[in-house]
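Trainee: Have a look at this one.
Every number in this text was worked out from the coordinates using simple rules, so none of it is lab data. Remember, predicted model here, so these are calculated numbers, not experimental data. All Cβ positions, glycine included, derive from the backbone under ideal geometry; neighbour counts span all protein chains shown.
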Amino acid sequence: MRIEVLFPEICNLFGDLANIRYLKLCLPDAEIIETSLKSRPKFLDTPMDLVYMGSTTERGLELVVEALSPVKDELVQRIDEGQLFLVTGNTMDVFGKTMESDHGLSLTGLGLFDTDAKYYMLKRHNSMFLGKFEDIEIVGFKSLFGMTHGAPQGEGLFLTVRGVGRNENEKEEGFRRNYFFATYLIGPLLVMNPPFTRYLLRRMGAPETLAFSETIEEAYRRRLAEFHSDSFDPIYH
Amino acid sequence: MGKLRFLAALWLAKLSIPALKITRHQGTDFPGVLALKLCPDLLRYMGRPKTIIAVTGTNGKTTVSNVLADILAADGHNVMGNRAGANIISGISTAYIRACNPFGKIKKYDIAILEVDERSSPRVYPYVKPDYVVITNLFQDSIMRNAHPGYIAELLSRYVPEGAKMVLNADELISGSVCPKNPRVYFGIGPMETDVTDCVNLLNDMRICPKCNGTLKYEYRRYHHVGKFVCADCGFHSPDPDYYAEQLDFAHGTMQVRENGTDYTYPLITDSIFNAYNLITVVSILRQLGMPHEKIARYMKQTSIPASRHYEEQVGDYYLIQQMSKENNSMAGSRAFDYISNRPGDKELLFMMNSLSDTGAWSENTAWLFDTDFEFLRRDNIKRIIFTGPRINDYALRALMAGISPDRIVCVEDENDAPEAFSFIPGTDIYLLYGTDSLTQAARVYDKIKTLALSHSGKTEG
């Protein structure tokens, strides 16, 4: 198994890299390849079992765009060929058309998805998410300065049950194109969602054995019950 | 009209102070909350003492503010501040309301020490114009509120007034880069035996050169991104400190502080490196105010680090330690874990640094746990870790991922039952880790631990 982590020197916020640490515990023999900003991503030349990229800063978004723009066409080709990707947090916006903030950020993204992100730097959105991926229930956290708007229906990764999707008005959450998966959910997504992690392992062609399965399943079960309860409000006020 | 509204708000707020005193609520920010409701730009019309020092940063701002205020008061200054209240706009406004006369003039005080929550900068600095802005450090804090340290640095650079002199940490260059056009001095701590070069922490928020995005090489690294670095690509490097602490001798409680090539001996009234940073920060500000080294050292010897963060006592046969470790703050957790695991002796830990108040309508965002160095708790001297609250499985999972043996992990749903999970083996120290969210519950649980400790020692309270 070969897992490539893109730009861990900047795409490392909010516990996102725990996803990779957890996969390594599930797959002790897996090779984790960390690709820095100044290196050519390996998946462009050799298929990887998974390519992962985590949350970053606003400056980080700029650097990721700079790093991926020159290889955009190859990236699209790999996606079309079925390369498995998982992108978490705000780096999802790099794959849209634009990113703008009320503090002067103005970036042109890779344009894989027809969508524009707008950030309000004094108004942070925090929410919990309950949604579906095929028949799998997904739980997660969002913590963002803004969201993306304008994407056509049918490209979502998850379907929102409680919480917000790509924005407050959309039920679809994240983006999916072939096996390119991107979501605004931050942090230990795979640690929190054992059924989705098993799906991902299956897709990678790996055994579906989860590390600390008893504890992870119990944590998932409890959180799921909590997020389903009537008294639970997914939006942080 | 604005001034009239200000006076009305001020007088009503001032009238609320004796009312609060009678009802024993004098520690609250109610006067500020009330005045800001009536006059949102209240601070615009306030007078000011001769000197204003704003202390901000992720960790250490309370300690720095309090030690600084104590020393200045001991030196005969009339110090106003928000020590009794919050470090957000309502707390700062309350401090001004208490300090000013009925017309908003501040005559009784010559200096203000204001602890300012860094996220409150947009509401504070348009009106409060500090002479000095001290930034202790900028690290990951609450993901939900503070996002990431680069964001907070940008916020401070945007809102701190142009003329303010910055007192900055040379060893922590996210804060050290704030307000690049402002005048500045730096403090730092020289190489120590415990330093490393490669990062051993999960959090490492300065991995690339802020100038050219090149690779940073650390000459020495204290923890996380704190240390002295040079960029291998462009040569950009950490600034040279104006106030440079070295030869930190925790055993004998001394350190040397170098300024302009001359060394001065100081007491080191702490056994932790993070408090040593707080002390050198205090020295730097006082030197900026012109206080001689010898005098600062003398006052420092008479002061102490506020006990609310760390308290220890012998109870019967057991040594009990309360250690604050802010919830939702992976840096605070990592520093506390490192500190505890490095202290001598066997120990058992009870975690109450989880967001217990999130239970009910909300749920704890546990992402921060995965940036917190639970790996320090793998050390052999940590005999038992007790988790409590609704997220016990998440905490246990994080501990397992850190390589902590399952037989050392105990999960107790109700925090009131958790003290009974300690083994009470004489010679094993008992730690209670608590956050700001769980102060009341932690106090109650600590009382129960004490009672059990006495009982296991064959004694009763009295």
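Trainee: Name the longest site-free stretch of chain A, where the excluded sites are GluC sites (Glu not before Pro) in a DSSP loop with no more than 12 other beta-carbon atoms within 10 Å.
Mentor: Of all site-free stretches, the longest is A:1-80.
Trainee: Would you be so kind as to identify which of A:SER213, A:GLY174, A:THR56 lies farthest towards the positive end of the dipole of segment A:2-228, taking Lys and Arg as +1 and Asp and Glu as -1 on Cβ and the Cα centre as origin?
Mentor: A:SER213
Trainee: Okay, next question. Residues with amide H under 5 Å of B:ALA112's amide H, sequence separation 5 or more or different chain, H placed in the peptide plane at 1.01 Å from N; which?
Mentor: B:THR51, B:ILE52, B:ILE53, B:MET80
Trainee: Of the options A:SER39, B:ALA421, B:ALA170, report the single residue whose Cα projects farthest towards the positive end of the charge dipole of the protein assembly as shown (beta-carbon charges: Lys, Arg +1; Asp, Glu -1).
Mentor: Positive-most Cα among the choices belongs to B:ALA170.
Trainee: I've got another one for you. Suppose every Lys and Arg Cβ carries +1 and every Asp and Glu Cβ carries -1, with no other charges. What dipole size does segment B:2-181 come out with about its Cα centre, to the nearest 20 debye?
Mentor: The dipole of segment B:2-181 has a size of about 980 debye.
Trainee: While we're looking at this one, here's another question. Can you work out the FRET efficiency for the pair A:GLU100 and B:THR262, with r the C-beta to C-beta distance and R0 = 60 Å, to the nearest 0.05?
Mentor: Efficiency at R0 = 60 Å is approximately 0.70.
Trainee: Compute, for chain B, the length of the dipole vector about the Cα centre, with Cβ point charges of +1 (Lys, Arg) and -1 (Asp, Glu) only. Units Debye, rounded to 20.
Mentor: Roughly 2300 debye for chain B.
Trainee: Can you give the average number of partner chain beta-carbon atoms within 10 Å of each beta-carbon in peptide B:147-156, as a whole number?
Mentor: The shielding value for this peptide is 5.
Trainee: While we're looking at this one, here's another question. What's the Kirkwood radius of segment B:282-423 in Å, using all Cα pairs?
Mentor: Result for segment B:282-423 stands at 17.2 Å.
Trainee: Using the Cβ atoms and a cut-off under 10 Å, what net charge is assigned to the surroundings of B:PHE424, where Lys and Arg are +1 and Asp and Glu are -1?
Mentor: Every neighbour counted, the sum reads -3.
Trainee: While we're on this one: For segment B:51-60, take each phi angle, set θ = phi - 60°, evaluate the Karplus expression 6.51 cos²θ - 1.76 cosθ + 1.60, and give the result in whole Hz per residue in order, putting x for glycine and proline.
Mentor: Going residue by residue, I get 10, 10, 10, 9, 10, 9, x, 6, 10, x Hz, with x marking Gly and Pro.
Trainee: Report, as an integer, the average count of C-beta atoms from other chains found within 10 Å of each Cβ along B:386-399.
Mentor: Counting other chains' Cβ atoms within 10 Å and averaging over B:386-399 gives 4.
Trainee: Could you please report the charge total around B:VAL133, scoring K, R as +1 and D, E as -1 over all other residues with beta-carbon less than 14 angstrom from its beta-carbon?
Mentor: Combined, the nearby Lys, Arg, Asp and Glu give +1.
Trainee: Still on this structure: Given the DSSP H assignment, sum -39500 (n - 2.57) over each helix run of at least 4 residues in chain B and divide by its residue total; what's the result at 222 nm in deg cm²/dmol, nearest 500?
Mentor: The helix contribution divided over chain B gives -9500 deg cm²/dmol.
Trainee: Past 29 Å, Cα to Cα: identify those pairs from B:LYS326/B:LYS347; B:LYS301/B:LYS448; B:LYS295/B:LYS450; A:LYS142/B:LYS450; B:LYS50/B:LYS181; B:LYS181/B:LYS217, in the order given.
Mentor: Too far apart for the 29 Å limit: B:LYS301/B:LYS448; B:LYS295/B:LYS450; A:LYS142/B:LYS450.
Trainee: Mean Kyte-Doolittle of at least -0.5 and a Cα length of 27 Å or more along the axis: which whole DSSP H helices of chain B meet both?
Mentor: Helices meeting the span and hydropathy rule in chain B are B:2-22.
Trainee: Beyond 39 Å, how much of the Cα-Cα pair distribution for chain B remains, as a whole percent?
Mentor: Counting pairs separated by more than 39 Å, the tail of P(r) holds 25 percent.
Trainee: Related question: Find, among the trypsin sites (Lys or Arg not before Pro) in segment B:325-390, those assigned to loop by DSSP (not H, G, I, E, B) with at most 15 other beta-carbon atoms within 10 angstrom.
Mentor: B:ARG379
Trainee: Which of rounded, prolate or oblate describes segment A:2-228 when judged by the alpha-carbon gyration tensor and an a/c cut-off of 1.5?
Mentor: It is oblate, given that a/c is not under 1.5 and a/b is not larger than b/c.
Trainee: Averaged over its residues, how many other protein chain Cβ atoms are within 10 Å of peptide B:209-218's Cβ atoms?
Mentor: 2
Trainee: Next question. Just to confirm my understanding: which cysteines in chain B have no other cysteine beta carbon less than 4.7 Å from their beta carbon?
Mentor: If one checks each Cβ against the other cysteines of chain B, B:CYS39, B:CYS100, B:CYS179, B:CYS199, B:CYS411 turn up with nothing under 4.7 Å.
Trainee: Given points 7 Å out from each Cα along the Cα-Cβ axis, report the B:ALA421 to B:ALA443 separation in nanometres with one decimal.
Mentor: Result: 2.4 nm between the two label points.
Trainee: I would also like to ask the following. Restricting things to alpha carbons, tell me how big the protein assembly as shown is in terms of Rg and Dmax, in Å.
Mentor: Cα radius of gyration and Dmax of the protein assembly as shown are 26.0, 77 Å respectively.
Trainee: Ok, one more. What is the sum of charges, Lys and Arg at +1 and Asp and Glu at -1, for the other residues whose Cβ falls under 13 Å from the Cβ of B:LEU320?
Mentor: Here the count lands on -3.
Trainee: Rounded, prolate or oblate for segment B:192-263? Axes are the square roots of the Cα gyration tensor eigenvalues, ordered a ≥ b ≥ c, and the cut-off for rounded is a/c under 1.5.
Mentor: Cα axes put segment B:192-263 in the oblate bin.
Trainee: Give the long-range amide H neighbours of A:PHE181: residues separated by 5 or more places, or on another chain, with amide H under 5 Å away, using H modelled in the peptide plane at 1.01 Å from N.
Mentor: Close amide H contacts, sequence-distant or interchain: A:PHE85, A:LEU86, A:VAL87.
Trainee: Taking 25 Å as R0, compute the FRET efficiency from the Cβ-Cβ separation of A:ASP114 and B:ARG145 and round it to 0.05.
Mentor: Computed FRET efficiency for A:ASP114 and B:ARG145 comes out at 0.20.
Trainee: Taking Cα pairs under 8 Å and at least six residues apart, what relative contact order does chain A come out at, in percent?
Mentor: 19 percent
Trainee: Do any trypsin sites (Lys or Arg not before Pro) in segment B:141-201 lie in a loop, going by DSSP, with at most 13 other beta-carbon atoms within 10 Å of their beta carbon, and if so which?
Mentor: Taking segment B:141-201 and a limit of 13 other Cβ atoms within 10 Å, the loop trypsin sites (Lys or Arg not before Pro) found are B:LYS181.
Trainee: Next up: What residue among B:ILE143, B:LEU349, B:PHE337 has its Cα farthest toward the positive end of the dipole of chain B, where the charges are +1 on Lys, Arg and -1 on Asp, Glu, each on the Cβ?
Mentor: Farthest towards the positive end: B:ILE143.
Trainee: What residues have an amide H closer than 5 Å to that of B:ASP233, excluding those fewer than 5 places away on the same chain, when H is modeled at 1.01 Å from N in the peptide plane?
Mentor: HN-HN under 5 Å from B:ASP233: B:THR215.
Trainee: A further question follows. Hey, got a sec? Which trypsin sites (Lys or Arg not before Pro) in segment B:388-462 land in a DSSP loop and have at most 13 other Cβ atoms within 10 Å?
Mentor: Counting only loop positions with at most 13 other Cβ atoms within 10 Å, the trypsin sites (Lys or Arg not before Pro) in segment B:388-462 are B:LYS459.
Trainee: Evaluate the charge dipole of segment A:22-137 about its Cα centre and quote only its size in Debye, nearest 20, assuming +1 on the Cβ of each Lys and Arg and -1 on the Cβ of each Asp and Glu.
Mentor: Magnitude of the dipole: close to 420 debye.
Trainee: Once a ≥ b ≥ c are taken as the square roots of the eigenvalues of the Cα gyration tensor of segment B:2-181, is the result rounded (a/c under 1.5), prolate (a/b larger than b/c) or oblate (a/b not larger than b/c)?
Mentor: Since a/c reaches 1.5 and a/b is larger than b/c, the shape of segment B:2-181 is classed as prolate.
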